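Inspection log for the structure reproduced underneath, given as structure tokens.
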Amino acid sequence: WFLRTVKIPYIVNTIEVQERTKKQQCLLIRSKLNLQLLLCRKSKEHLNISLSPITSPNTSLLLQTPVHWYFSSPDGSWMPFSYLDSEAIEKAYNAGDQTGSISTDGGRYDVNLAARQRFPVYWVGSASAIRRCSWFYRSIHDIMQPYDEEKSTILEEHYSTAVKLRTFPMSVELGNGEVVIINSQSMMVRVSRSSTEQTSPTLVKRGVPQEDEIPPDEKGCVDHLVFLVHGVGSVGDAKQKSFVDC
């Protein structure tokens, strides 16, 4: 009888421990299931957000047009303005103010926005063309050349559509046998099959190319004025640079 009184409570305790263990296991399994369900819901929500082309903040960031102003040099290449000068020209462009002159290069050059020209202020010289640039292509001379403003607008419109609707690849015809293929948000190529140019696919870049060095900003006020009188013509140094280039 003594053994019975001892074994019965032991058996009861064992059964209770087993019951608690089963309950804990059930709770653990239920918690895991709830966690997996939550993760699935989160993944679905994330998937829906990433595929939403209009509300995604990444898409809005991608659709911001990277604009910088350039001017043509005597050799036919295009050179960027400084950040300060480009912002000043862009501000006047967005405001629709194309009547006055915009001072650039520390006051040495003025820009006529309506005529799209840049001309020297303190000496006689020919005007150079300026351009609002956002799209570039690699030319047959292996340098990045900016598209004109009309073609840049066409490319930007098609690029925005491709990003919003995820319609990659997209072919954009620019006329005269020139086609730009937008393969992705960062991969674009140019193919030319015109009568004057036959090229293999070359790189197209949206935004300022990395090889284009932006010149430093210059103050608009003159703090030093130097008068130079010499008898060697316009040559400024041993490399035959003119004083304007120096």
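Points to keep in mind about this one:
- Ordering of 76-82, 213-219 by packing is 76-82, 213-219, highest average first (other Cβ atoms within 10 Å, averaged per residue).
- The simple spin-label model puts a point 7 Å past each Cα toward its Cβ; for ASP148 and ILE181 those points are separated by 2.6 nm.
- For the set ASP110, ASP223, solvent exposure ranked by accessible area (probe 1.4 Å, protein chains only) runs largest to smallest as ASP223, ASP110.
- Nitroxide proxy distance, nm - points 7 Å out along Cα→Cβ at ASN112 and THR199: 3.1
- ARG132 accessible area, assembled protein chains, probe 1.4 Å, Å²: 60
- Backbone amide hydrogens, once placed in the peptide plane, bring TYR137 within less than 5 Å of GLN145, TYR147, LYS205, excluding anything fewer than 5 places away on its chain.
- Solvent exposure, largest accessible area first (probe 1.4 Å, DNA, RNA and ligands not counted), of THR99, THR167: THR99, THR167
The values are calculated or read from the model by the stated rules, or taken from the named source; none is laboratory data. Bear in mind that the values here come from a model prediction, so they are computed numbers and not experimental data. Quick reminder, even Gly has a Cβ in these numbers, built from the backbone with ideal geometry, and neighbours come from all protein chains shown. Protein only, heavy atoms only, side chains kept; ligands, DNA and RNA dropped before computing areas. Shrake-Rupley method; radii C 1.70, N 1.55, O 1.52, S 1.80 Å.
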